[in-house]
1. Assess whether Thr60 counts as being closer than 30 Å to Gln46 by Cα, outside any strand (DSSP E or B) and open to solvent by less than 70 Å² (accessible area, probe 1.4 Å).
2. When you scan the range 75-119, how many residues do you find that are surrounded by fewer than 14 Cβ atoms within 10 Å (Cβ to Cβ) and part of a loop (DSSP other than H, G, I, E, B)?
3. Kindly check whether there is at least one residue in the range 150-163 that is under 27 Å from Thr18 (Cα atoms) and not in a helix (DSSP H, G or I).
4. Can you tell me how many residues within the range 13-41 are in a loop (DSSP other than H, G, I, E, B) and at pLDDT below 80?
5. I want to confirm something. Restricting to the range 45-57 and keeping residues that are of a type outside the set (D, E, K, R), farther than 24 Å from Met129 by Cα and open to solvent by 60 Å² or more (accessible area, probe 1.4 Å), which single residue is farthest from the chain's Cα centre (by Cα)?
6. Suppose we filter the range 94-147 for residues that are polar (S, T, N, Q), closer than 21 Å to Cys171 by Cβ and touching a helix residue (DSSP H, G or I) at 6+ places or on another chain (Cβ under 8 Å); how many remain?
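The values are calculated or read from the model by the stated rules, or taken from the named source; none is laboratory data. As the structure is a computational prediction, the values presented were derived from the model and not from experiment. We place every Cβ from the backbone using ideal geometry, glycine too, and count neighbours over all the protein chains shown. In case anyone asks, the SASA skips ligands and DNA or RNA and just uses the protein heavy atoms, side chains included. Shrake-Rupley method; radii C 1.70, N 1.55, O 1.52, S 1.80 Å.
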Amino acid sequence: MKATADTSNPSTLLHNFTDHLNEINRQYHDYNKLYLCLDKTGQLIQISYTNNELVEVPLTGWINMEQVGTYLQNYQRMFCMDPNRLDCFFDMNKATAIVPISWLRLTRKRQKGIVNGFIYMRQAYQGIMPRRKPISIRPSEEEKGLFDIIDGNSTYFVAKQIGIKSLPVNCSASLY
């Protein structure tokens, strides 16, 4: 995290750490959320997360402010996904085009598919499983210039949550 403003001011540092933590929580989608706890002196921070059973679990002991930024950077490097690296998520050789996510429309939404989508996207990104195939689309009959998702609705939803701005697609008809 880049230092901004007065890094000697604990409240400024805490604000910067909170912003960084919010970014991590947006990127890290296993439904665990990170939290910062400030000690009574206002000088030490403990980083915790809430697990699937909504139990708060400490990740660190009480650490000084200078260590928090390094910890969050390392955590983000290990667990968060870069939304700009489509090649880490998708097999780009199988795509016929890359389109802005704003051009795409969900045709269904399955909670189980979305939960699995987060897992599969993370595993593809980490190289644990093969990269995802591009989503399949067709021109929308209802909205001119937009496309309905035939296959990959959960992938689209997850990609949007991660912050991906464009997706590789296979189109069943001409895009233009």
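1. Answer is yes for this residue.
2. Number of matching residues: 6.
3. Yes - at least one qualifying residue is present in the range 150-163.
4. Going through the range 13-41 one residue at a time, the tally reaches 5.
5. The residue in question is Val55.
6. Here is the first cut: in the range 94-147, the ones polar (S, T, N, Q) are 96, 102, 107, 111, 116, 123, 126, 136, 140.
Keeping just the survivors that are closer than 21 Å to Cys171 by Cβ gives 96, 102, 107, 136, 140.
Then drop every residue that is not touching a helix residue (DSSP H, G or I) at 6+ places or on another chain (Cβ under 8 Å), which leaves 107.
Qualifying residue count, the range 94-147: 1.
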